[in-house]
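Report on the structure given below.
What follows is calculated from the coordinates using simple rules that are stated; it is not laboratory data. Treat the numbers as computed from the prediction; the structure is a model and nothing was measured. Cβ coordinates were reconstructed from backbone atoms using ideal geometry, including for glycine residues, and neighbour counts include every protein chain displayed.
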Amino acid sequence: MAINNKYLKTVYDGLKQRNADQPEFLEAVEEVLVSLEPVIEARPEIEKNAIIERLVEPERIVMFRVSWVDDNGKVQVNRGYRVQFNSAIGPYKGGLRLHPSVNLSILKFLGFEQIFKNSLTTLPIGGGKGGSDFDPKGKSDNEIMRFCQSFMTELFRHIGPDTDVPAGDIGTGGREIGYMFGQYKRLRNEFTGVLTGKAIGSGGSLARTEATGYGLCYFVDEMLKANGKSFKGQKVVISGSGNVAIYACQKATQLGAKVIAVSDSNGYIEDDNGIDYRNLQLIKEQKRDRIKTYLDYDFGKNAKYTEGCNGIWTIPCDIALPCATQNEINEESAKILIKNGCYAVGEGANMPSTPEAIAQYKAAGVLFAPAKAANAGGVATSALEMCQNSARLSWSFEEVDSKLKEIMQTIYKNAAEAAEKYGHKGDLQVGANIAGFEKVCNAMLWQGVSY
């Protein structure tokens, strides 16, 4: 992957010089800019108005100290962030990640991706991301509450229902959102839809938990149908065992597939009889246990557990759905998947395939559903939660699911049409980048330059 357009290369080289210590961010930008070359050639007004220079720089970055007291009375200190990347089409929207790996590079990469993902949903939401290097694992509920309250005590100044609406992400589930929302409400003395992923009784949306996994399968299903294929009778391997993986497992099964493997950060299980999502719910949501305990139950008596999560991609399958984390499939893993007969990859996690892996997919003619399109179901449903909050309404599960399916079908259609329009028919990665970019670009041109 290399940038050939002179204008784009100049912008990227300058960005690389200024952000040399941010590899994840640079990787995400380069991937998008390569895709935009045909658009830049066709639309000279983009260079004239410095749209790309403005697009790759966040509108605002907030970084702050988070001090909290653990159960032993010891003061702990973490670092908090909010990257407000682009608000051309609506208030900033993106998750809050709580994980020791969180740093500015990762959040800028995620925030940059969020611009295009949110644009693709067709809903009026801009791109942002945030979080902290705090690790919720092993912490008591009270410790997590104290951290979340301290985190929100600073963040509340920078967010609002018409400014920036954060959501959950890795390490930030319903419990954490609840503590943050409670603190925001206390500080602002108002009950507004400032956070999404709330409890159902507090303004949350039905189907939000399922949305990213369901949306992934809806998008992949459209891609398969466009190529004369379907989920029916296919063997599916899914990495991860969080919400995305669990509900991708459910929806893929409902669409006729057999999910034969899932993983967590320690290892993976393989079950040729098929894996029921309800068993994953039991282990990961109710018991909060490791995936290897699947073998301790009657339903796991025919399963096999293997230490180390990367080996999951050596299992022969028809469809691979990486739903764990970024860069989990490298070039070698991609080659093994292809050799073993995998013909479709749908990304449920953010940027789970390296550029080298994606090059292997394309060279082999593997159907590829890129993350910013395929995993947009979560943020789409978050935006639907915002709609319900603004109108003081609550839609049924079926209503939300129906809207989600329609959104994912539209995302596929727009990505496919943009790819064909610019001479890259069938390349959904290029199509998604272009379709997401053009909407944001047009809004930036319309709004002019802020001095």
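Observations on the structure shown:
- Reach of Lys139 by Cα under 29 Å, taken over lysines that are not fewer than 8 positions away in the same chain: Lys74, Lys93, Lys108, Lys129, Lys185, Lys198, Lys284, Lys287, Lys292
- A Förster distance of 22 Å, applied to the separation of the beta-carbon atoms of Val449 and Thr10, puts the FRET efficiency at 0.70.
- In this simple spin-label approximation, Glu190 and Lys425 carry label points 7 Å from Cα along the Cα→Cβ vector, and these lie 5.2 nm apart.
- Put simply, the Cα atoms of the range 252-326 extend 29, 27, 22 Å along their principal axes, the longest span coming first.
- Farthest toward the positive end of the dipole of the chain, out of Ser140, Gly228, Thr192, is the Cα of Thr192, where the dipole comes from beta carbon charges about the Cα centre.
- Mean shadow area of the range 327-416 over all directions, Cα convex hull, nm²: 6.9 nm²
- Subtracting the Cα-Cα distance of Asp70 and Thr293 from their residue separation scaled by 0.36 nm leaves 77.3 nm.
- If you wrap the Cα atoms of the range 79-123 in a convex hull and average its projected area over all directions, you get 3.1 nm².
- Evaluated at q = 0.08, 0.15, 0.17, 0.19 Å⁻¹: base-10 log I(q)/I(0), Debye formula over Cα of the range 209-369: -0.19, -0.70, -0.92, -1.16
- Placing a pseudo-label 7 Å from each Cα along the Cα-to-Cβ vector at Lys48 and Lys225 gives an inter-label distance of 4.2 nm.
- Eligible lysines near Lys413 by straight Cα distance, threshold 16 Å, same-chain separation 8 or greater: Lys117, Lys225, Lys372, Lys403, Lys405, Lys421, Lys425, Lys439
- Mean ellipticity per residue at 222 nm, deg cm²/dmol - from DSSP H runs of n ≥ 4 across the chain, formula -39500 (n - 2.57): -14000 deg cm²/dmol
- The Stokes-Einstein estimate for the chain, based on a Kirkwood radius over Cα pairs and taken at 4 °C with 1.567 mPa s viscosity, is a diffusion coefficient of 58 µm²/s.
- In a reduced charge model with +1 at each Lys and Arg Cβ and -1 at each Asp and Glu Cβ, the chain shows a dipole moment near 600 debye about its Cα centre.
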